[in-house]
Amino acid sequence: MNMLIYLIPVALALGGLGLGAFLWSLKNGQYEDLDGAAWRVLDDDETPVAPVEARSLNSPQSGK
Amino acid sequence: MSCCAPGTEGSLEFSRASLIMPSSEELMLASRSLTPGVRQTDLSVPGVHCGTCITTIEKALQAEPSVQHARVNLSTRRVSITWAEETAAGRTDPQELLRVIKSASGYDAHLFMNEEEAADRLRTQLLRGVAVTGFAAANIMLLSVSVWSGAEAATRDLFHWISAMIAAPALIYGGRFFYASAWNALRQGRTNMDVPIALAITLSYAVSLWETMHHGEHAWFDATASLLFFLLIGRTLDHLMRDRARAAITGLARLSPRGAVLLTADGSREYRSVEEITPGDRVAVAAGDRIAVDGIVEIGESELDVSIVNGESVPQAVKPGSVVRAGTVNLTGSLVLKATASARNSFLAEIISLMEAAEGGRARYRRIADRAAQIYSPAVHLLALTSFVCWGIFGGDWKQAMLIAISVLIITCPCALGLAVPVVQVVAAGRLFRSGIMVKDGSAMERLAEIDTVVFDKTGTLTLGRPQLVEARGKPAHQAMAAAIAAHSRHPLSEALRAAHAGPVPAIDAVQERPGEGVSVETAQGEYRLGKRTFACSAQFGSRISGAVSEVVLSLDGEELACFLFEDELRPAAEAAIDRVHDMGLVAGILSGDRESVVSSVGRKLGIASWRAELTPKEKAEAVAALASEEHKVLMVGDGINDAPALSTAYVSMAPASAADIGRQAADFVFMHESLAAVPTAVDVSRRAARLIRENFALAIGYNIIAVPIALAGFATPLIAAVAMSTSSIIVVVNALRLNRIVKVSEIAASKDAPQAKPAAAEVRLA
């Protein structure tokens, strides 16, 4: 039963990692334009656009 | 020109073709200053629909020297552009950006109503809540499964403690939406679905914690967390549905102008926002512009399209001294007006006060879920209390009694009920969204399912508010000549004439336009005139036409060459839509501000026997209120500014996308396509949704009838509660998804037996 001492923290940490990743992506504006993202991935010569900048442009007043 | 193959675009059609490009000054006013010298403009481009559109527009914009950054959002169909006010080439004209979009992709861009940031934040909060409670529910369930499979003594206690620690923050973070709503309801002395939810999650957590402290065997942390998770999903879906509709509606072109060009005392021209215009100011209005404030014409003659203001389909001629109203469109000549009222006191303001006075059906309406909660929550709480008292007195063990009461509360917690309504409505709204119908909120669908009367406005609703050529008399060469002359005029009849003509037209120039009369042009053959019969022909005949038809005559030196007859074009599928409305057992009527002859002719064509014409906005609202007082539940469909009070008086209301801003705001439903079929479709889907909601309630109650005795008997362990709860939720969701299938099947059936004999239309007394 001693392995529980690290298995439980490991399980929680992995779950927490997923939760953290989701919250980060939400804050980062990854879900602002789902339809557009689906198309952009097919675009060959994309000049790189910093995602943070894109977010601040798409939702400039949300005050996050 | 479009960036893609023809036919693929146009998920949104616009009925009023005369979308006016906003002026540079208006764009400047609507833009935001980011840093000194750099501004940002958000534009709505309803046409964008694919990856090519994104790259075409972004590349074209980025090629502009003034543009620093451009990004298209395909989901909201918007473009946001950051641009520098000054470049090496001089000052930037923001209108140039619109022209670039238009020439690159072929799509019109326009400004939209800017609001909704608060709603956006709530969406993010809800999504975060779902994520946090989902994390908590999954991990607690993991620990609970270990307990159920036989963890003993110290291990069980440890697992319970960890669960408690995970559940606490989730409960606060995810539960606050329910606590806030339940508290609001209780403070007003009412109860809603959130009251039993809040009570159940709080009590179940408290008792589980108490049990954990006393090394108890059962804890309900998993039920608490997964309950919250399911309910938040329902809440979030509900919000997303409204969000999507709202985004689509605010993406429509703003019709009321933000400002106007003022002529100052020293003769210079200055663009000011409407709020800054005071009575006495002189305002210049170019041909094609929408008038921003009420006023009196000082200089110039023109014709005004007044259809959106009072429903009259024929343009109104104005000359110095005429009174003009805010919202009308100046068609043919430039005007200088003297403002008689500030924007706040103009005609629009009158309409707003009428709307505020109208206590619509929606204010009195109580959501079906809240009505259910009104019966449900006292019953459940009473049941839990009774079981507590009974087990305490007859069993003697008060702790055991407490546990049983809690398990009753958890089992009956309206998890399925909380999902029963939103899931159906989300599926129904998605279904309507695909047909181009936006639903503002779920209660609108519940109300639409109950209506028995449909009242239509005429101009802009049953008809498109633009004339259509119905008959052309004359030689083809003369018809081509007429089309060539008509191309030089912005009058709606000229535009219709030009649009109806296919094939080459002779080249002409030096056209003179006489407002209210027609167009004339000098050529080698003589003077051609196109316009009213009295203007075109020297020999005076009485007008041979009457009623709903307008006439345009082409003449050469006073001799009639060709004659064209126009009628206000009916919306596509108008007859079929009215037939379907009758088939559904609904009564149809017309309330119009237009002349009697026109309204009666449209009524005859569509088979609507009860109509009233020449109504003021107030009379329209009163007519709707009178129907309501006779216990009719009225759906009002209208588009004009004059319909807005009636729209807010009616039990439920609908407006086309081409409606005035205020009409779109007042309406519960907005339909994007030109076809009037949207009206019966919306009613049909709403009725089916209402039936599914009732089915879901029946399922949820049926589940309770089975589960409650188990809980009352004291057999409901946390394991049984978890299984029962999840099953009931899944059943309800699956039942809701049937809506898509049912509607598809019924559409196939409807298209098969559409041309059936229709029953005699029932009549409604509008007077």
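Taken together, the residues in the stretch B:292-316 that are modelled with pLDDT of 85 or more and hydrophobic (A, V, I, L, M, F, W, C) amount to 4.
Of the helices (runs of 4 or more DSSP H) entirely within the stretch B:607-682, those holding at least 2 residues that are of a type outside the set (D, E, K, R) and touching a Lys or Arg at 6+ places or on another chain (Cβ under 9 Å) occupy B:617-629, B:644-649.
Contact map, the stretch A:30-53: residues that are at the interface with another protein chain (Cβ under 8 Å from one of its Cβ atoms) paired with residues that are loosely packed, with under 13 Cβ neighbours inside 10 Å and modelled with pLDDT under 75, Cβ distance under 9 Å, separation 6+ or inter-chain. Pairs shown: A:40/A:46.
Scanning the stretch A:1-29 for residues that are open to solvent by 50 Å² or more (accessible area, probe 1.4 Å) and of a type in the set (Val, Ile, Thr), we see that the one that is nearest to the other protein chains (Cβ to nearest Cβ) is A:5. Please work out which residue is farthest from the chain's Cα centre (by Cα), limiting yourself to the stretch B:309-351 and to residues that are outside any loop (DSSP other than H, G, I, E, B) and among the charged types (D, E, K, R). Looking at residues that are outside any loop (DSSP other than H, G, I, E, B) and among the charged types (D, E, K, R), I get B:338. Taking each residue of the stretch B:265-287 that is assigned by TED's automatic domain parsing to the domain that holds residue B:340 and looking for partners that are among the acidic types (Asp, Glu) and surrounded by 11 or more Cβ atoms within 10 Å (Cβ to Cβ) with beta-carbon atoms closer than 7 Å, six or more apart or interchain, yields B:271/B:25; B:282/B:298.
Hey, can you tell me all the residues within the stretch B:512-538 that are in a loop (DSSP other than H, G, I, E, B) and either touching a residue at least 60 places away in the same chain (Cβ under 8 Å) or buried (at least 20 other Cβ atoms within 10 Å of the Cβ) (or both)?
Restricting attention to the stretch B:512-538, the residues satisfying the condition of being in a loop (DSSP other than H, G, I, E, B) are B:515-517, B:524-525, B:532, B:537-538.
Once the filter is applied, which keeps residues that are in a loop (DSSP other than H, G, I, E, B) and either touching a residue at least 60 places away in the same chain (Cβ under 8 Å) or buried (at least 20 other Cβ atoms within 10 Å of the Cβ) (or both), the stretch B:512-538 yields B:515, B:516.
Restricting the stretch B:221-280 to residues that are among the hydroxyl-bearing types (Ser, Thr, Tyr) and farther than 21 Å from residue B:110 by Cβ, the residue that is surrounded by the most Cβ atoms within 10 Å (Cβ to Cβ) is B:224.
Only a single item in (1) at pLDDT below 85; (2) touching a Leu at 6+ places or on another chain (Cβ under 9 Å) is not met by residue B:640, and it is number (2).
For residue B:172, the conditions (1) free of Cβ contacts under 8 Å to residues at least 40 places away in the same chain; (2) within 27 Å of residue B:243 (Cα to Cα); (3) within 10 Å of another protein chain (Cβ to nearest Cβ) all hold with the exception of (3). State whether one or more residues within the stretch B:682-702 are more than 20 Å from the chain's Cα centre (by Cα), at positive phi and open to solvent by 20 Å² or more (accessible area, probe 1.4 Å). No, there is no match, as no residue in the stretch B:682-702 is more than 20 Å from the chain's Cα centre (by Cα), at positive phi and open to solvent by 20 Å² or more (accessible area, probe 1.4 Å).
A count restricted to the stretch B:74-88 and to residues that are surrounded by fewer than 23 Cβ atoms within 10 Å (Cβ to Cβ), more than 9 Å from chain A (Cβ to nearest Cβ) and of a type in the set (A, V, I, L, M) stands at 2.
When the stretch B:484-507 is filtered for residues that are over 37 Å from the mean Cα position of the chain (by Cα) and open to solvent by less than 80 Å² (accessible area, probe 1.4 Å), the ones remaining, listed by number, are B:484, B:485, B:503, B:505, B:506.
The listed residues are B:32, B:71, B:39, B:123, and the only one of them that is surrounded by 15 or more Cβ atoms within 10 Å (Cβ to Cβ) and facing chain A (nearest Cβ under 9 Å) turns out to be B:71.
The values are calculated or read from the model by the stated rules, or taken from the named source; none is laboratory data. Predicted, not measured: the structure shown is a model, and the values here were computed from it. Here Cβ is always computed from backbone atoms with ideal geometry, including for glycine, and neighbour counts include all displayed protein chains. Accessible surface areas use protein heavy atoms only, side chains included; no ligands, DNA or RNA. Shrake-Rupley method; radii C 1.70, N 1.55, O 1.52, S 1.80 Å.
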